[in-house]
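Q: This is the structure I have questions about; it appears just below.
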C-alpha cells in the first residue's frame, strides 16, 4: 500500500465518525423531542362502533287478522301516509254477495215482525221502521207481500167477527120473541086462573059440573109448562149470547197470542242476522287495510295484485311521523367502560359519499344495562343510542336519512398523554404476563 493511501484512511474514518455522531445526535434529538411531546401532549381516544339509523319509536307493523286475496296495492315503500289512509285493498266480492243475501233475509224478517206486531196490537196499518222503508226495491216487494197478508188476516177476522155478531143479533131477537111469548102465556095464565076461580065458585053452588074445573086445571098445567119451557129457552138463548161474546173475545186473544208466539222466533232470527251482518260488515271494512298512524312506509311486503296474504302476516312497516331519528350502535363489551350517557360522538353515514358528506356530531342518549346476543352468531354486545340534533342533520343538505342506513360512530373518550396511550398495550401485556403461572 502506498503512503498516499495510508494517509487517506484516517481521514475517511474521521468523516464516517462525524456522520455517525451527527446521526446519533439527530436521533437522540428526535427521540427526545418525540418523547417530550408524548409525555406532555394529550389526545382524545375513541371507541369505534358500527350501527345503523333507527327511530326512537318502534316501527308499526301493518297486519291483517283474516288474510285474503290482494285486489289493489295503493302505496309504495317510501310514501308518506296519513292516519287511516288506505294502503292495500283485499278482494271482497264474496263477502258482499253474502252480505246482500243476509240483508235481504233481515229485511224479510223485519217486515214480518212489523206485520206480526200489527196483528198482536190489533192495528189496521203496519208500522214500518224507517231503515226498512228506505231499503230499496227489494224492501218494497217484501213490504207489499206482508201488507197483503196483513190485509187478508184482517178480512178473515172481520168476517168471523161479523158472523159472530150476526149470530148474537139473531139470538137477541130470538130472546125478544121468547120473552113476548112468555108475556102472552102469563096473560093467558092470569085469565085462566080468573076463569077457574069464577067456575070454582059456581061449582061450589052446584051450578056447573066438576068436569069443567078439571078441564081448566089441565089448561093451567099446560100454560105453566109452556111458561117454564119458554123461560128455559130464554135462559139458553142468554147463555148462547154469553158464549158468543166469549168466543169473540177468545178469538181476538187467540189472534194476538198466535202473533206473539210467531214473534219469538222472528225476533231471534233478527238478532242472529243483525249479529252476522255486523260481523260481515266489519270483515268487509277490514278488506281496506289502512295506516294505523301517520308516517312513512318503510317496508312493503306485498307486491302482487291477486296474491294471497295469510292471517297475521306483516304486510308493511311504517315509521311514525313523530319519531325522531337516532343511530343505534353495537358496542364491544371490552369497551363498555369507556362509554357513558352524554358522551360526544362523531357520526359518518357510509351510505353517502365520504368525500362530500360531512361528519356529524351527536351525543350518547342511552346505553343498555346488559348485553344482548346476536341470534345468528351468538356474539355478545351492548346497545347504545346516539342522538344527532336537528342542526347537525341540517348539514346533510338534501340528503335524506332512512331507517336501516349503515353508520360509523366514533365515541370520544377522555384525554390522556400520548406516552400513556402508546405504552398501554405494553403495560397490559406485562400485566397479563406476570399473572400467568
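A short reminder: the numbers here are calculations on the coordinates, not readings from a lab. Because the structure is a prediction, the values reported are computed rather than measured. Cβ placement follows ideal geometry from the backbone for every residue including glycine, while neighbour counts extend to all protein chains displayed.
Q: Computed from the mean reciprocal separation of all distinct C-alpha pairs, what Kirkwood hydrodynamic radius does the range 154-207 have, in Å?
A: In the range 154-207 this quantity evaluates to 14.8 Å.
Q: Per residue and in Å³, how big is the convex hull formed by the alpha-carbon atoms of the range 95-286?
A: So the per-residue Cα hull volume is 110 Å³.
Q: Can I ask one more? Separation between the residue 392 and residue 100 pseudo-spin-labels, each 7 Å from Cα along Cα→Cβ, expressed in nm?
A: Inter-label distance under the simple model: 6.2 nm.
Q: Report the label-to-label distance for residue 235 and residue 184 in nanometres (one decimal), using points 7 Å from each Cα along the Cα→Cβ vector.
A: Label-label distance for residue 235 and residue 184, simple model: 2.3 nm.
Q: Sort 48, 175, 101 by Cβ crowding within 10 Å, fewest neighbours at the top.
A: 101, 48, 175
Q: For the residue pair residue 162 and residue 246, what label-to-label distance in nm results when each label sits 7 Å from Cα along the Cα-to-beta-carbon direction?
A: Once both label points are built, they end up 2.7 nm from each other.
Q: Rg and Dmax of the range 313-407, Cα atoms, in Å?
A: 15.0, 42
Q: At 0.36 nm per residue, minus the direct Cα-Cα distance, what do residue 66 and residue 123 gain on full extension? Give it in nm, one decimal, please.
A: Length gained between residue 66 and residue 123: 15.8 nm.
Q: Return, ordered by residue number, the residues of the range 331-347 whose backbone nitrogen is under 12 Å from a label point located 7 Å along Cα→Cβ of residue 412.
A: 343-347, by backbone N distance to the label point.
Q: Given contacts defined as C-alpha pairs under 8 Å and at least six residues apart, what's the relative contact order of the range 95-286, whole-number percent?
A: Reported relative contact order: 39 percent.
Q: For 202, 24, which order do you get if you count the other beta carbons within 10 Å of each Cβ and list the fewest first?
A: Lowest to highest Cβ neighbour count: 24, 202.
Q: Now for a separate question. Sort 385, 352 so the one with the fewest other Cβ atoms within 10 Å of its own Cβ comes first.
A: 352, 385
Q: Now for a different question. Applying a 10 Å radius around every beta-carbon, put 389-399, 105-115, 65-75 in order of their mean neighbour count, most first.
A: 105-115, 65-75, 389-399
Q: Along the Cα-to-C-beta direction of residue 336, a point sits 7 Å from the Cα; which residues of the range 350-385 have their amide N less than 12 Å from that point?
A: So the set is 367-373, 380-384.
Q: Provide the convex hull volume over Cα atoms per residue for the range 196-351, in Å³.
A: 381 Å³
Q: Moving on. Estimate the FRET efficiency between residue 215 and residue 253 by the formula 1/(1 + (r/R0)^6), using the beta-carbon distance for r and 56 Å for R0, to the nearest 0.05.
A: 0.45
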